[in-house]
Amino acid sequence: MIDLNRQTDLRHAIEQFYFAYRAFTDRADKVLEQKGLGRVHHRILYFVAHNPAVTVNKLLAILGVSKQALNAPLRQLIEMKLIAVKIAEHDKRVKQLSLTDAGQKLENQLTSLQMQHLETAFSAAGTTAEDGWIKVMAGLTAQ
């Protein structure tokens, strides 16, 4: 059982995490909304951009979602010509994904907004706090 005083601190941390995530995603959400897209589209664009020629199966693993959950938003991004699909040379059953020029432009815009947000926060908090934050985030993803 977690000590009551510690519970109070952890509840505060949970609240800060929620509020920070809302602030972190807000600017990108507004850009996405104008295009009829949402956060799931942003995640797909981000990970396709940073995993060249990623396969659909690899993208499923990265995102930790089912084929059913990925299907509609990925299809929408393909229809909007933000993502291109290529059949792999080594196996005709494998689809590889990449961003089109328009997809790259949108992903750059969204990621730039979030990098600016992080840069402002990290600059204000200092290097030690940034290193601590990176460790906390790694710890949260490892569990």
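The values are calculated or read from the model by the stated rules, or taken from the named source; none is laboratory data. For clarity, every value in this text was computed on a predicted model and none was experimentally measured. Backbone-built Cβ (ideal geometry, glycine too); neighbour counts: all protein chains shown. Note: areas computed on protein heavy atoms with side chains; ligands, DNA, RNA excluded. Shrake-Rupley method; radii C 1.70, N 1.55, O 1.52, S 1.80 Å.
Checked against the criterion of being of a type in the set (Ser, Thr, Tyr), free of Cβ contacts under 8 Å to residues at least 60 places away in the same chain and either touching a strand residue (DSSP E or B) at 6+ places or on another chain (Cβ under 9 Å) or assigned to a loop (DSSP other than H, G, I, E, B) (or both), the candidates 98, 112, 123 yield just one match: 98. Looking at the range 14-53, which of its residues are more than 30 Å from residue 95 (Cβ to Cβ), surrounded by 14 or more Cβ atoms within 10 Å (Cβ to Cβ) and not charged (D, E, K, R)? Residue satisfying the conditions is 24 alone. The residues of the range 49-89 that are charged (D, E, K, R) and either within 21 Å of residue 36 (Cα to Cα) or in a helix (DSSP H, G or I) (or both), listed by number, are 58, 67, 75, 79, 81.
Which members of the range 104-135 meet the condition of being surrounded by 11 or more Cβ atoms within 10 Å (Cβ to Cβ), hydrophobic (A, V, I, L, M, F, W, C) and more than 25 Å from residue 49 (Cα to Cα)? The answer is 125, 129. Total residues in the range 54-75 satisfying the condition of being among the β-branched types (Val, Ile, Thr) and crowded, with 17+ Cβ neighbours inside 10 Å: the figure is 1. Within the range 77-103, the set of residues being within 19 Å of residue 30 (Cα to Cα) and either of a type in the set (D, E, K, R) or open to solvent by 70 Å² or more (accessible area, probe 1.4 Å) (or both) comprises 80 only.
Does the range 1-41 hold any residues that are in a loop (DSSP other than H, G, I, E, B) and over 20 Å from the mean Cα position of the chain (by Cα), and which are they? Passing the criteria: 1, 2, 3. Taking the listed residues 35, 81, the one that is at positive phi, out of contact with any His (no Cβ under 7 Å at 6 or more places or on another chain) and at pLDDT 95 or above is 81, with no other qualifying.
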